[in-house]
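Student: Okay, handing you the structure first.
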Amino acid sequence: MVNTVRDHYADHLGPVYTWMVGDIDVALSRSAVELDALQLPTKVGGTAVDLGAGFGLHTLPLARRGFSVVAMDTCNSLLQELEARKESLPIRAVNADLLAFRDAAPGGMIRITARKPEAPGATEAGSNP
């Protein structure tokens, strides 16, 4: 039985998450189009934070636009995949609970978040819906 979302990703979903996405290049292209539609600021040297970054579906396109990106996730295997893909892009992968970041977010930040679906029966101590 899975006790937490973190356990579910570590033991089950993380190792196959990228495979489930399918063609990585196509998925990254779709993410770039999604970011284009948001008309993000083009300030070179700005910082973006990707909460629940996984293997970098939005992290990589943000970094290619000139942002320094902090990519936060609790799934170490997905963050390792991101590290392998980032090349020389300005990305810092952080293994941490994204809920802990919520209260410490700097002012003036643009937040683009997608909540990961919880595994059936999974709970996370201290999490808020």
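Student: Yes or no: V33 outside any loop (DSSP other than H, G, I, E, B), modelled with pLDDT of 85 or more and of a type outside the set (G, A, S)? Please lay out each step first, then the result.
Tutor: Values: outside any loop (DSSP other than H, G, I, E, B): yes; modelled with pLDDT of 85 or more: yes; of a type outside the set (G, A, S): yes.
Yes; evaluated as a whole, the condition is true for this residue.
Student: Then there's this: Which ones in segment 18-70 are under 21 Å from A100 (Cα atoms) and surrounded by fewer than 21 Cβ atoms within 10 Å (Cβ to Cβ)?
Tutor: Here is the first cut: in segment 18-70, the residues under 21 Å from A100 (Cα atoms) are 47-56, 58-59, 68-70.
Within segment 18-70, T47, G52, S68, V70 meet the criteria.
Student: Name the single residue that is nearest to G14 (Cα to Cα) among those in segment 37-94 being part of a helix (DSSP H, G or I) and of a type in the set (K, R).
Tutor: In the first step, residues of segment 37-94 are kept if they are part of a helix (DSSP H, G or I); the result is 37-38, 59-64, 76-85.
Narrowing further to those that are of a type in the set (K, R): 64, 85.
Numbers: R64: 24, R85: 16 Å.
Per the criteria, the residue is R85.
Student: Consider H12 carefully, then state whether it is in contact (Cβ under 8 Å) with a residue 24 or more places away in the chain, within 19 Å of D97 (Cα to Cα) and surrounded by fewer than 14 Cβ atoms within 10 Å (Cβ to Cβ). Working first, answer last.
Tutor: Details: in contact (Cβ under 8 Å) with a residue 24 or more places away in the chain: yes; within 19 Å of D97 (Cα to Cα): yes; surrounded by fewer than 14 Cβ atoms within 10 Å (Cβ to Cβ): yes.
Yes; evaluated as a whole, the condition is true for this residue.
Student: Of everything in segment 71-95, what is among the charged types (D, E, K, R) and surrounded by 21 or more Cβ atoms within 10 Å (Cβ to Cβ)? Give them in sequence order. Quick ask: steps written out before the conclusion?
Tutor: Let us first name the residues in segment 71-95 that are among the charged types (D, E, K, R), namely 73, 81, 83, 85-87, 92.
Of everything in segment 71-95, just one residue is among the charged types (D, E, K, R) and surrounded by 21 or more Cβ atoms within 10 Å (Cβ to Cβ), namely D73.
The values are calculated or read from the model by the stated rules, or taken from the named source; none is laboratory data. Since we're looking at a predicted model, the values are computed, not measured. Using ideal geometry, Cβ is built from the backbone for each residue, glycine included, and neighbour counts are taken over all protein chains shown.
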